[in-house]
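Written below as structure tokens is the structure these notes are about.
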Amino acid sequence: MSDGAALAGPDGALRCPWALSTEDYVSYHDEEWGRPVHGDDALFERISLEAFQSGLSWITILRRRPGFRTAFAEFRIEKVAAFTDEDRDRLLADPGIIRNRAKIDATLANARVLADWAEGELDEFIWSHAPDPAARPAPKTLADVPAVTPESTALSKALKKRGLRFVGPTTAYALMQACGLVNDHLENCVSRTSPAAR
């Protein structure tokens with residue numbers, strides 16, 4: 001059993017232990033998690049998926065991501081903002097996504113808010129909350145990785161103040177981790193130590 005330190009994966013390289021439970025996680029960990037994400041639509045997708053993940057395992061969302069992308073017009077803000085009541089009914093009946101009424105409504109409401117923002121504003125807004133990378137040492141074990149930080153609390157409050165929903169401090173921190181605002185790969189993880197990962 002892991003003590004939360006990096007573990008050897010199928011190729012012998014050390015990885016964050018959460019990444020080794022399924023092949024889906026290995027790919028997501030190696031190719032996406034913690035790498036910088038930019039672009040309003042891309043960040044809207046991550047905000048939406050992190051909200052849908054609330055209370056669920058991330059693997060549930062990851063495996064349904066193709067269904068989410070199809071259902072939500074590839075998370076193009078302008079298209080989702082124009083969804084009608086018929087689209088909402090379609091989403092509530094779509095087995096390819098998580099059919100949670102509150103989360104669907106929040107995603108549609110968030111798109112309508114963001115459609116009024118200037119191009120690039122969401123990207124700039126989120127990244128303005130990225131902490132100084134030198135402010136915290138690389139985590140050695142999973143116990144060193146927080147669930148909430150002052151920065152994620154500030155981002156959550158700022159997003160809520162601008163009218164976004166389902167963006168609590170824990171969800172905001174998961175967003176920061178997934179989108180590379182923070183690097184929570186463990187100290188010995190290949191995604192931190194490999195030159196290709198930098």
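Here are the numbers:
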read-out	value
Cβ-defined net charge surrounding Phe72, 11 Å radius [Lys, Arg +1; Asp, Glu -1]	0
Two-decimal log10 I(q)/I(0) for the chain, as the Debye equation yields it once each C-alpha is a single scatterer, q = 0.16 Å⁻¹	-1.05
Over the stretch 1-79 - Rg/Rh using Cα atoms and the Kirkwood inverse-distance radius	1.03
Helix-only mean residue ellipticity at 222 nm for the chain, each DSSP H run of n ≥ 4 adding -39500 (n - 2.57), per residue, nearest 500	-14000 deg cm²/dmol
Eligible aspartates and glutamates near Lys79 by straight Cα distance, threshold 19 Å, same-chain separation 8 or greater	Asp40, Asp41, Glu45, Asp87, Asp89, Asp94, Asp105, Asp116, Glu119, Glu121, Asp123
Net length gained if the chain between Asp89 and Arg136 were fully extended (0.36 nm per residue, minus Cα distance)	12.4 nm
Cross-link partners of Lys157 among lysines (Cα-Cα below 19 Å; sequence separation of 8 or more within a chain)	Lys103
Value in Å of the Kirkwood radius, where the stretch 86-198 supplies the Cα pairs that are averaged	16.1
Separation between Cα centres of the stretch 127-198 and the stretch 67-81, rounded to whole Å	25
Overall Cα dimensions of the stretch 99-146 - principal axes, largest extent first, Å	40, 30, 9
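Read-outs throughout are calculated quantities, based only on the coordinates presented, and are distinct from any laboratory measurement. If you're wondering where the values come from, they're calculated on a predicted model, not measured in any experiment. Virtual Cβ from ideal backbone geometry, glycine too; neighbours counted across all protein chains shown.
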